Amino acid sequence: GRRRFLIDPENEVRIIDLFVESLSIKDYGFRTDFPENGRPAYHPSDLLKLFIYGYLNKVRSSRDLEKECKRNIEVMWLLKCLKPDHNTIANFRRDNPKAIKKVFRATVQIARHFDLIGGKLVAGDSTKLRAQNSKKNNFNQAKIDRHIAYIDNKLEEYTRALSEHDGDDKEQIEEEIKKQLNRKDQYREIEKQLKESGEAQISTSDAESRQIMIRNNITEVCYNVQSTVDGKNNIPIDYKVTNQNDSKAMGNMVQRAKSILRTNEFTVLYDKGYHTGSELKTAQELGLETIVAVPDIPLTSQAPDPVYNYEHFKYDPSADTYTCPQGEVMKTNGSWYKEYTSTRNVIYFKQYKTAACKACKTRSLCTRSKSARLIHRSEYAEYYERNRINTFEKEHLYKRRQAIVEHPYGTIKRQWGFNYVLTKQGINRAGADVGFMFI
């Protein structure tokens, strides 16, 4: 009775208790068998309450959560004085990433029930969370080659020194040679793993983490967390932990958003990192309005005079021709050519040109080519064009993107300090950690 008296009627732990008790925990697929080391099993709902309380209060390590069970009055009230061991606590998070995702989905349903989610405007973006894997323990072929070359150089030096020394020095040099040969064997083993994986890089502490660009040529070994946030109250409706960059992420995230919101009558806002033809096609064919920032045209792709840039060439879909700013019609031979992007994806395009280029007085303003101006039309051109029109006409909506989608990241990383993934050994375990942040 006294324990109840100490907890204020307005205390947030009462909401956590009420929320978890309202869930059909048995249908969520939580593991319930924890007989390791002879410890008693704990009901998933008790450990779920502990984790939700912990993450809301900037505590997420299993050892720190174990301490809170013994000294924190709110946690004692919430867990009815249960004191799970830190191994039991850690195992719960480790073993239940899918169930934790279902709990997050339940929070979204509650938000919908209280009309906190509008379902008309959603923004997507990603944030990088550092993995438990240093850059030192991340390798690609070039880095392995550098290390091996350095070792070979050292071995050459030691072999030369060995022929010039004797006595005590000789033993020391032989020890160094042995050490370098062992290191070389280790790098050869890493190289073998890299080749077997078929990946461009390998991490040796957390195998599924990747070195990804975070800003201005600065890289970090991390996970890339995609999220979708509803515009009405900046509430996240979806998250997905990946180890890829953003360029191919939008299609899958908007498909998921359509399933969650059970409608396709909404607009999606994304920044220029997501401006990829295949992804725009996926979103628009779902019936969604896309407003994805259009990247600036590289200087090398611009005309000498901006008046002759690609956007000033008018396309006629019925005739499949372009008309240039000088009024000349540019035709295609109908062949599809292929081009490889920087991410090794293939894009197909058609070429358009006109014989009038040769005699054109403004050719030097239009192209740097000595022959004729060529226009490339990608297989995704219609999706790019529809998106460009949306972005131009609804710039006021795009300006809301940052405020909507960056808001939860600010809470998670700046306010709570969760700017790294606590777990090791793979993307699923990272998903459990991130799941509690989003819950």
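The values are calculated or read from the model by the stated rules, or taken from the named source; none is laboratory data. Bear in mind the structure is a predicted one, so any value in this text is a computation, not a measurement. All Cβ positions, glycine included, derive from the backbone under ideal geometry; neighbour counts span all protein chains shown. Quick note on the areas: whole protein, heavy atoms, side chains included, nothing else; ligands and nucleic acids left out. Shrake-Rupley method; radii C 1.70, N 1.55, O 1.52, S 1.80 Å.
Annotations
- For region 229-252, the set of residues classified as within 19 Å of T411 (Cβ to Cβ), in a strand (DSSP E or B) and open to solvent by less than 30 Å² (accessible area, probe 1.4 Å) consists of V229, D230, P236, I237, D238, Y239, V241, listed by residue number.
- Being closer than 30 Å to G118 by Cα and in contact (Cβ under 8 Å) with a residue 60 or more places away in the chain holds for only one residue in T242, T219, T204, and it is T242.
- The one condition in (1) open to solvent by 40 Å² or more (accessible area, probe 1.4 Å); (2) in a strand (DSSP E or B) that F139 fails to fulfil: (1)
- Selected residue (criterion: farthest from N91 (Cα to Cα)) from residues of region 28-54 that are at pLDDT 85 or above and in a loop (DSSP other than H, G, I, E, B): Y28
- Residues in region 303-321 that are in a loop (DSSP other than H, G, I, E, B) and open to solvent by less than 50 Å² (accessible area, probe 1.4 Å) were compared, and the one that is farthest from K272 (Cα to Cα) is D320.
- Number of residues in region 408-431 that are part of a helix (DSSP H, G or I), buried (at least 16 other Cβ atoms within 10 Å of the Cβ) and out of contact with any helix residue (DSSP H, G or I) (no Cβ under 6 Å at 6 or more places or on another chain): the value is 5.
- Matching residues, region 275-302, being open to solvent by 50 Å² or more (accessible area, probe 1.4 Å) and among the β-branched types (V, I, T): V294, I297, T300
- Residue within region 173-194 that is open to solvent by 30 Å² or more (accessible area, probe 1.4 Å), closer than 30 Å to L121 by Cβ and touching a strand residue (DSSP E or B) at 6+ places or on another chain (Cβ under 9 Å) present: no
- Residues of region 172-228 that turn out to be in contact with a helix residue (DSSP H, G or I) (Cβ under 7 Å, 6 or more places away or on another chain) and in a loop (DSSP other than H, G, I, E, B), as a count: 3
Here is a yes/no grid of residues against (1) more than 15 Å from the chain's Cα centre (by Cα); (2) over 26 Å from I212 (Cα atoms):
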{"residue": "Y384", "(1), (2)": "yes, yes"}
{"residue": "K394", "(1), (2)": "yes, yes"}
{"residue": "Q402", "(1), (2)": "yes, no"}
{"residue": "Y409", "(1), (2)": "no, no"}
{"residue": "R414", "(1), (2)": "yes, no"}
{"residue": "G417", "(1), (2)": "yes, no"}
{"residue": "K424", "(1), (2)": "yes, no"}
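- Any hit, region 253-262, residues being part of a loop (DSSP other than H, G, I, E, B) and either at pLDDT 95 or above or open to solvent by 50 Å² or more (accessible area, probe 1.4 Å) (or both): yes
- Residue list for region 62-78, restricted to those being of a type outside the set (S, T, Y) and either open to solvent by less than 60 Å² (accessible area, probe 1.4 Å) or under 29 Å from the mean Cα position of the chain (by Cα) (or both): R63, D64, L65, E66, E68, C69, N72, E74, V75, M76, W77, L78
- Filtered by the rule that a residue be of a type outside the set (A, V, I, L, M, F, W, C) and surrounded by 17 or more Cβ atoms within 10 Å (Cβ to Cβ), region 202-228 gives S203, D206, E208, S209, R210, Q211, E220, Y223, N224, Q226, S227, T228.
- Tally, over region 79-101, of residues that are of a type in the set (S, T, N, Q) and open to solvent by 30 Å² or more (accessible area, probe 1.4 Å): 1
- For region 322-366, filtering for residues that are open to solvent by less than 90 Å² (accessible area, probe 1.4 Å) and assigned to a loop (DSSP other than H, G, I, E, B) leaves 13.
- Among the residues making up region 102-129, those that are open to solvent by 40 Å² or more (accessible area, probe 1.4 Å) and assigned to a helix (DSSP H, G or I) are K102, R105, Q109, I110, R112, H113.
This table checks each residue for (1) more than 26 Å from K101 (Cβ to Cβ); (2) basic (K, R); (3) touching a helix residue (DSSP H, G or I) at 6+ places or on another chain (Cβ under 6 Å).
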site: V254; (1), (2), (3): no, no, yes
site: Y274; (1), (2), (3): no, no, yes
site: P295; (1), (2), (3): yes, no, yes
site: Y308; (1), (2), (3): yes, no, yes
site: P317; (1), (2), (3): yes, no, no
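- Of all the numbered requirements in (1) closer than 27 Å to V307 by Cα; (2) open to solvent by less than 70 Å² (accessible area, probe 1.4 Å); (3) modelled with pLDDT of 90 or more; (4) not basic (K, R), S369 misses one, and that requirement is (3).
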